[in-house]
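J.: One structure, as structure tokens, below. Some questions next.
The values are calculated or read from the model by the stated rules, or taken from the named source; none is laboratory data. Computed from a prediction, not measured in an experiment: that's the story for all the values here. Don't worry about glycine lacking a Cβ; one is built from the backbone with ideal geometry, like all the others, and counts go over all protein chains shown.
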Amino acid sequence: MAKVVAGNWKMNHGPAVTEGFFERFRPDANAGSVRLVFFPPDLSLAAGIGSARVPADFGVQNIHWEAAGALTGEISAEMAKEAGAALALIGHSERRHVFGETDAEVDRKVGAAGRAGLVPVVCVGELIEERKAGRLEEVLRRQVGAFRASLGAVEEFMVAYEPVWAIGTGETATPDDASEAHAIVRDALGSLGRAPVLYGGSVNPANAAALMSAPDVDGVLVGGASLDPEVFARIAEAGAAVGPG
Ligand code: PGA
């Protein structure tokens, strides 16, 4: 399968900056062989969809599990779909650790994405204390186990392995670390383990090719280095150079 190169813009890039990004985002033609995905802020989704000049899918960074209701500040999977999103990030480490999202909530959101026909990109990953205590496998199995049953009702999904200690820190997992964790994720997914498993955490143009060449790494989820169109184009090109597989 083609490598997935996904950008999570977090709370960056309003609509005008989003349009400017796509004016300057010009990866080489062969980068068309990667699957490009953007997760802009909700308010910039329409600007992104309207101004992208390369084939790309768009997604939202979070959804609520209810379809509608008195839930101030939230958006539903159905609304995201109507607004043109094809995917939804679920359980990103900032949602889990800054906003206190639980495994049970992640599971409900996976179910909601499936109900609305969005592709859930479910994030998992261990804290540094958990890794140091030798609990990597236990944590990943617990996180995947919490939503695995709900994937049965989902047509297509991805998992992103993002070690919390590598997010926004400049400290990247080695390709071997990524492969080891991805193999655990796949095993925990059981019969669903052929889905794409992406690596995230301080991916940049210098390390992207090595990470995407590692066994079991099907692509990357990029935060900081996805904000600059020239930098993110280099990562897309790295994915294309690695090729499918
Ligand atoms: P980073 O973020 O690339 O800035 O480390 C990755 C993510 O949070 O998805």
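J.: Considering the range 22-47 alone, what residues qualify as being within 16 Å of the ligand (Cβ to nearest atom) and either basic (K, R) or more than 12 Å from the chain's Cα centre (by Cα) (or both)?
T.: From the range 22-47, those within 16 Å of the ligand (Cβ to nearest atom) are 36-41; that's our starting set.
Within the range 22-47, P41 is the sole residue that qualifies.
J.: For the range 140-171, enumerate the residues that are under 14 Å from H182 (Cα atoms) and either of a type in the set (S, T, Y) or not in a helix (DSSP H, G or I) (or both).
T.: M158, V159, A160, Y161, E162, P163
J.: Pairs please, first residue from the range 1-27 and closer than 24 Å to I167 by Cβ, second anywhere and at pLDDT below 95 and within 13 Å of the ligand (Cβ to nearest atom), Cβ atoms under 8 Å, 6+ apart in sequence or on different chains.
T.: none
J.: Find the residue count for the range 212-240, including only residues that are within 14 Å of the ligand (Cβ to nearest atom), of a type in the set (S, T, N, Q) and surrounded by fewer than 19 Cβ atoms within 10 Å (Cβ to Cβ).
T.: 0
J.: If you don't mind, there's one more thing I want to ask. Go through the range 69-139 and tell me which helices (runs of 4 or more DSSP H), entirely inside it, have 2 or more residues that are closer than 21 Å to L189 by Cβ and of a type in the set (D, E, K, R). Outline the logic, then answer.
T.: Working: elements: 77-82, 93-97, 103-116, 128-132.
The helices (runs of 4 or more DSSP H) meeting that bar are 93-97, 103-116, 128-132.
J.: Residues being farther than 13 Å from R115 by Cβ and either assigned to a helix (DSSP H, G or I) or of a type in the set (A, V, I, L, M, F, W, C) (or both): count how many of those fall in the range 36-68.
T.: Step one: of the range 36-68, the residues farther than 13 Å from R115 by Cβ are 36-62.
Adding the requirement that they be either assigned to a helix (DSSP H, G or I) or of a type in the set (A, V, I, L, M, F, W, C) (or both) leaves 36-39, 42-52, 54, 56, 58, 60.
The qualifying residues number 19.
J.: Consider E101 against the criteria (1) touching a Gly at 6+ places or on another chain (Cβ under 7 Å); (2) surrounded by fewer than 20 Cβ atoms within 10 Å (Cβ to Cβ); (3) touching a residue at least 40 places away in the same chain (Cβ under 8 Å); (4) of a type outside the set (V, I, T): it satisfies all of them except one. Which criterion is unmet?
T.: (3)
J.: Which of the numbered conditions does V60 fail, given that it passes all the others? Conditions: (1) within 22 Å of A6 (Cβ to Cβ); (2) away from the ligand (no atom under 16 Å from the Cβ); (3) among the β-branched types (V, I, T).
T.: Against the list (1) within 22 Å of A6 (Cβ to Cβ); (2) away from the ligand (no atom under 16 Å from the Cβ); (3) among the β-branched types (V, I, T), V60 comes up short only on (2).
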